[in-house]
Structure formats: structure tokens, C-alpha cells
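K.L.:
Supplied in C-alpha cells, the structure appears directly below.
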Amino acid sequence: MSHTTIAGEFVGGVPIGRIAAFRAREAETCLRARPRSHRTMAGGAEGYLADVPMHWMRDWPMPFPFVVESAKGTTIADIDGNVLADFCLGDTGSMFGHSPAPVAKAIRRQARRGLTTMLPGEDALEVGRLLVERFGLPLWQIATTATDANRFALRVARAITGRDKILVFNGCYHGAVDETMVRLEDGRPINRPGLAGEFRDLTQRTRIVEFNDVPALEAALAHGDVACVITEPVLTNSCMVLPDPGFHAALRETTRRHGALLLIDETHTISTGLGGYTRVHGLEPDLFVLGKPVAGGVPASIWGMSADVAERWAAYQARKQPGYSGMGTTLSANPLQFAAMRATLEEVMTQDAYRHMEKLAARLEKGLSAAIAKAGLPWHVARVGARVEFICAPGPLKNGAQAEAAHAPDLEAAIHVGLVNRGCLIAPFHNMMLVSPATRKSQVDRLVAAFGDIAGELSR
Ligand SMILES: Cc1ncc(COP(=O)(O)O)c(C=O)c1O
């Protein structure tokens with residue numbers, strides 16, 4: 001089923017010609033407001049492959065990536081003096097605002113006391129206690145990215161189950177974890193299109209089914225060869241797909257019955273509330289991963305395990321051949337990470353902060369939905385806590401295939417640039433907007449008004 005209206009000359013209910021004309025006009029406005037960024041970036045930043053320090057910086061829909069002067073709280077300023085209300089927030093890395101004061105202070109303090117030592121300090125000891133209390137799992141490790149945390153947790157899963165396969169849901173993303181890069185095409189597993197330099201058939205070790213499809217999950221796990229199911233509680237890396245009522249209970253029951261572990265990746269769904277979707281909805285993962293905002297923007301990630309997994313891991317360790325485990329990187333668990341993580345967990349990622357985020361995110365969801373209804377467009381809004389998304393297709397979406405079909409890249413890009421010109425920055429991928437503890441009601445209202453203005457123009 002396709003939710004994207006490509007009937008004749010329309011995408012998402014909007015004539016293609018109108019989208020192109022709108023985008024061209026908005027691109028021109030965006031460019032005129034940024035002469036210095038344009039001079040610097042239009043020809044590419046010197047010394048960088050593909051003109052930018054990291055190739056994703058090219059993926060923004062603006063005519064060129066603008067050069068940031070500073071980011072503080074929920075505003076981001078460029079070198080041309082434009083100030084935007086930031087709802088992208090570093091695609092979740094700064095979900096609790098840019099440079100929260102307690103984190104900035106902790107970083108300054110730690111900068112005078114050593115940045116990497118390969119030994120624990122007092123902050124590390126305190127963080128261990130905080131992780132157990134906050135997320136409920138009894139044992140933890142620290143890594144530097146969510147990608148690495150997922151990789152290491154999957155190694156543990158394979159090691160202790162003695163099984164070689166994992167299972168993912170179509171449309172998933174868990175970072176640059178090779179074995180999760182599988183997709184369903186007409187119901188058949190394939191390597192995710194676009195992978196650079198991949199020489200393996202990843203479908204040999206990865207089973208894949210659609211999210212919310214319990215019979216397919218049951219059939220895939222019945223082979224008895226899956227070490228671990230890895231999933232986000234809500235699919236957030238395609239157009240947003242929420243779990244059907246009862247899906248998580250069925251997922252947990254089925255994995256247990258077939259001896260497969262369950263890894264919940266909360267890197268984006270930490271937007272749900274204190275302790276993430278897991279705590280708020282009472283999930284019972286065997287393995288738990290969180291990266292991005294856990295240290296307030298300093299690169300750090302955490303991965304936790306149940307007592308049962310830890311016990312089996314200890315038994316495995318005792319019989320494992322000595323040598324490098326394939327887990328760990330040199331700068332992981334350094335004192336700067338712990339200083340930032342402690343400040344984040346104690347003073348930034350708090351119940352009060354989530355209350356504020358939830359309230360304003362609900363306001364944003366309501367405002368966007370009303371603007372869509374007013375414009376008479378066949379779009380919808382999805383939300384998981386502080387994470388809100390508008391989708392240029394009808395909803396709700398049930399799985400990754402529908403999410404893929406709902407994606408309307410040209411239309412989304414046009415809206416994105418239109419929002420920038422109206423003072424709001426959203427994520428460059430699938431229209432994601434985050435509300436942080438620093439976000440103000442006036443910023444939400446500004447975003448709703450800007451979106452309404454654009455929806456009105458596109459639907460006219
Ligand atoms: C659910 C999820 N897991 C893991 C990652 C990887 O995070 P990182 O790029 O910081 O390794 C992402 C990144 O978007 C993600 O969305």
C-alpha cells in the first residue's frame with residue numbers, strides 16, 4: 001500500500017509543479033539571507049572530502065549548509081546573524097538543549113582535571129548507581145556512540161546464546177551496525193540499497209520482518225537460530241511508526257519462548273519520558289542501549305543488561321578463549337564523558353524537564369494537526385513524547401514498508417527550507433521536531449504558524 005499520493009502530478013496531495021516553484025522561491029530567500037555562509041560553503045569547505053567535515057552535512061535540504069556561529073538552549077545562530085528556533089537539536093544529540101548549564105559547568109571543571117585516563121573516577125562510580133536507578137537494568141558498560149553500544153550488545157547476545165543470527169524490523173536504523181542494514185523488498189530480504197563497500201550478503205545472518213507483524217515474527221523466531229531481536233520501541237528512523245496495542249507484550253513473549261534476547265534501542269525514544277519508553281511503558285528488555293543525548297551532547301553511550309544476561313556472560317567469559325573480545329574503544333568511559341553524563345542524569349534529564357517537554361510537544365502536535373486540517377491536506381502528525389513528526393501522507397503508519405511509501409523527499413525538502421526562512425530549524429530527515437526543556441511556548445507557536453503558512457501556500 002502506498003500512502004504517497006503520486007497520482008498524476010501530485011505528491012502528498014500537492015501538485016509537483018507547485019512544490020518545485022515553492023522550493024525554488026524559498027531557496028532564493030534562504031540564500032539571500034546568508035551571503036557569508038554562501039561564500040564559504042557554496043564552493044565547499046577547503047580540505048574536506050565532499051566539501052564538508054562529515055558527509056551528512058550535505059544532506060540538509062537548504063541550498064548549502066550554513067556555518068554555525070553558536071548554539072545555546074534552543075536557538076542556533078549562523079555567521080550571517082540569522083537566529084533560528086532549533087527543533088532539530090543535533091538530531092537528538094542536544095535533545096535537552098544546546099550546552100545545558102550544568103553540563104557546560106561539569107565539562108569546564110573536568111577540563112582542568114584530565115580528559116582521558118582509562119581508569120574510573122568518582123563521577124564514574126556515581127554514574128553507575130544513577131544508571132541502575134534511572135533505567136532499571138542492573139549492569140552497565142559505557143561506549144562512545146550508540147552504534148558501538150549496539151554492536152557490543154549484539155556481540156554479547158551472540159556469545160551467550162551461541163546463535164549467529166539477529167532479527168530486525170523493516171525500516172530500522174541502529175547506527176552504522178552492519179548486520180542491521182537489511183531491508184524487505186517485495187517481501188524478500190536484501191542488503192539495504194546504497195551501502196558503500198559492502199561485500200557480504202547481510203541477509204545470511206539477519207532475519208527481517210515488518211514491525212507490528214506478530215505472526216511474521218513468530219515464524220522467523222521459530223527457526224530457533226536468532227540470538228537477539230533489536231528494535232526501537234517506536235520506529236523513528238523512517239516516517240514514525242507507533243507500536244500497535246499489545247505489540248510489545250507479544251514481542252517479549254515470543255522472544256522469550258524462542259530463546260531470543262530482546263535489545264531495546266532507546267537512542268531516539270528517550271524522548272518518551274524519564275527512563276525512556278522502556279520505563280514509561282514497563283518493557284522488559286534483556287539489553288538496553290542509549291546514545292546521543294545521554295551526556296548532554298558529549299559523545300557517550302550506555303548499554304545495560306539484565307542479571308540473567310550478565311550471569312550468562314560471566315559463564316561465557318570463563319570458558320572463552322583469551323584475547324580481544326571485539327568490544328571497547330580507547331576513549332570510551334573517559335572522565336569527560338562521566339562528568340557530562342552525571343550532570344545530565346542528575347540535573348538535566350529530570351522529571352520536571354520531561355513534564356515541560358511533554359506539555360509543549362502536545363501543543364505542537366495539536367497545532368500542526370489543526371494546520372493540516374485547515375489546509376485540507378492528506379497528512380498526519382505522529383508523536384512519541386517530546387519527539388513530533390509531520391508526515392505528508394495519511395496515517396497512522398503500521399510498518400516500515402508503509403513508512404517508506406509515505407516518504408515524500410521533494411515535498412519535505414521544500415517545507416524544510418520554508419521553515420528555515422520563517423525562523424525554525426527541523427531535522428533534515430523525515431520532518432522530525434524535538435521539544436527540549438529549554439524550548440519556549442512562543443517558539444512552538446512560531447513553528448506552528450510557519451508550518452500553517454507553508455501548508456496554506458502549498459494547498460492553495
Ligand atoms: C535508534 C538509533 N540507534 C542508534 C543510532 C546511532 O547513533 P550514533 O550515530 O550516535 O552512533 C541512531 C542514530 O540516529 C538511532 O536513531
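The values are calculated or read from the model by the stated rules, or taken from the named source; none is laboratory data. No experiment lies behind these values; they were computed from the predicted model shown. As a convention, Cβ positions derive from the backbone with ideal geometry for all residues, glycine included, and neighbour counts pool all protein chains shown. Heads up: the accessible areas ignore ligands, DNA and RNA and are worked out on the full protein's heavy atoms, side chains in. Shrake-Rupley method; radii C 1.70, N 1.55, O 1.52, S 1.80 Å.
K.L.:
Does Val381 fit the bill of being crowded, with 20+ Cβ neighbours inside 10 Å, assigned to a helix (DSSP H, G or I) and touching a helix residue (DSSP H, G or I) at 6+ places or on another chain (Cβ under 9 Å)? Show your work before the answer.
P.N.:
On the way: crowded, with 20+ Cβ neighbours inside 10 Å: yes; assigned to a helix (DSSP H, G or I): no; touching a helix residue (DSSP H, G or I) at 6+ places or on another chain (Cβ under 9 Å): yes.
When the stated conditions are applied, Val381 does not pass them.
K.L.:
While we're on this one: Find all pairs meeting these conditions: Cβ atoms under 8 angstrom apart; at least six residues apart or on different chains; first residue within region 330-355 and within 14 Å of Gly121 (Cβ to Cβ); second residue open to solvent by 70 Å² or more (accessible area, probe 1.4 Å) and of a type in the set (Ser, Thr, Tyr).
P.N.:
Sorted first by the residue in region 330-355, then by its partner, the pairs are Asn334/Thr116; Asn334/Thr117; Pro335/Thr116; Pro335/Thr117; Leu336/Thr116.
K.L.:
Within region 11-20, which residues are within 20 Å of Phe451 (Cβ to Cβ) and open to solvent by 50 Å² or more (accessible area, probe 1.4 Å)? Please lay out each step first, then the result.
P.N.:
Narrowing region 11-20 to residues within 20 Å of Phe451 (Cβ to Cβ): 11-15, 18-20.
Once the filter is applied, which keeps residues that are within 20 Å of Phe451 (Cβ to Cβ) and open to solvent by 50 Å² or more (accessible area, probe 1.4 Å), region 11-20 yields Arg18, Ala20.
K.L.:
From the set of residues in region 184-211 that are more than 16 Å from the ligand (Cβ to nearest atom) and of a type in the set (Lys, Arg), which is most open to solvent (accessible area, probe 1.4 Å)?
P.N.:
Arg188
K.L.:
Same structure again: Any idea how many residues of region 55-80 are of a type in the set (Gly, Ala, Ser) and open to solvent by 60 Å² or more (accessible area, probe 1.4 Å)? First the steps, then the outcome.
P.N.:
So the first thing to find is which residues in region 55-80 are of a type in the set (Gly, Ala, Ser), and the list is 70-71, 73, 77.
From what is left, the residues that are open to solvent by 60 Å² or more (accessible area, probe 1.4 Å) are none.
Number satisfying all stated conditions: 0.
K.L.:
Continuing with this model, one more query. Can you name the residue in region 158-208 that is under 17 Å from Leu221 (Cα atoms) and of a type in the set (Ser, Thr, Tyr) and is also farthest from the chain's Cα centre (by Cα) among such residues?
P.N.:
Thr161
K.L.:
Related question: Out of the residues in region 81-92 meeting the condition of being surrounded by fewer than 19 Cβ atoms within 10 Å (Cβ to Cβ) and either among the charged types (D, E, K, R) or assigned to a loop (DSSP other than H, G, I, E, B) (or both), tell me which one is farthest from the ligand (Cβ to nearest atom).
P.N.:
Gly81
K.L.:
List the residue pairs whose Cβ atoms are under 7 Å apart, where the first residue sits in region 131-148 and is of a type in the set (Lys, Arg), the second is more than 16 Å from the ligand (Cβ to nearest atom), and the two are 6 or more positions apart or on different chains.
P.N.:
Arg134/Gly275; Arg134/Leu345
K.L.:
When you go through Ala149, Ala159 one by one, which is the residue that is within 16 Å of the ligand (Cβ to nearest atom) and either aliphatic (A, V, I, L, M) or surrounded by fewer than 19 Cβ atoms within 10 Å (Cβ to Cβ) (or both)? Before the answer, list the steps.
P.N.:
Details: Ala159 fails: within 16 Å of the ligand (Cβ to nearest atom).
After ruling out the rest, the residue left standing is Ala149.
K.L.:
Here's another thing I want to ask about it. Could you list all residues from region 129-146 that are of a type outside the set (Lys, Arg), away from the ligand (no atom under 16 Å from the Cβ), open to solvent by 30 Å² or more (accessible area, probe 1.4 Å) and not in a strand (DSSP E or B)?
P.N.:
Keep residues of region 129-146 that are of a type outside the set (Lys, Arg), which gives 130-133, 135-146.
From the residues that got through so far, the ones that are away from the ligand (no atom under 16 Å from the Cβ) too are 130-133, 136-140.
Imposing the further condition that a residue be open to solvent by 30 Å² or more (accessible area, probe 1.4 Å) reduces the set to 132-133, 136, 138-140.
Within region 129-146, Val132, Glu133, Gly136, Pro138 qualify.
K.L.:
Related question: Confirm whether Val448 is of a type in the set (Val, Ile, Thr) and crowded, with 21+ Cβ neighbours inside 10 Å. So that I can check it myself, show each step before the final result.
P.N.:
Working: of a type in the set (Val, Ile, Thr): yes; crowded, with 21+ Cβ neighbours inside 10 Å: no.
Answer is no for this residue.
K.L.:
Shifting gears a bit: So for region 5-26 (the condition being in a helix (DSSP H, G or I) and touching a Gly at 6+ places or on another chain (Cβ under 6 Å)), does at least one residue qualify?
P.N.:
The initial filter retains those residues of region 5-26 that are in a helix (DSSP H, G or I), namely 16-26.
Remaining after also requiring touching a Gly at 6+ places or on another chain (Cβ under 6 Å): 26.
Yes, there is a match, as at least one residue in region 5-26 is in a helix (DSSP H, G or I) and touching a Gly at 6+ places or on another chain (Cβ under 6 Å).
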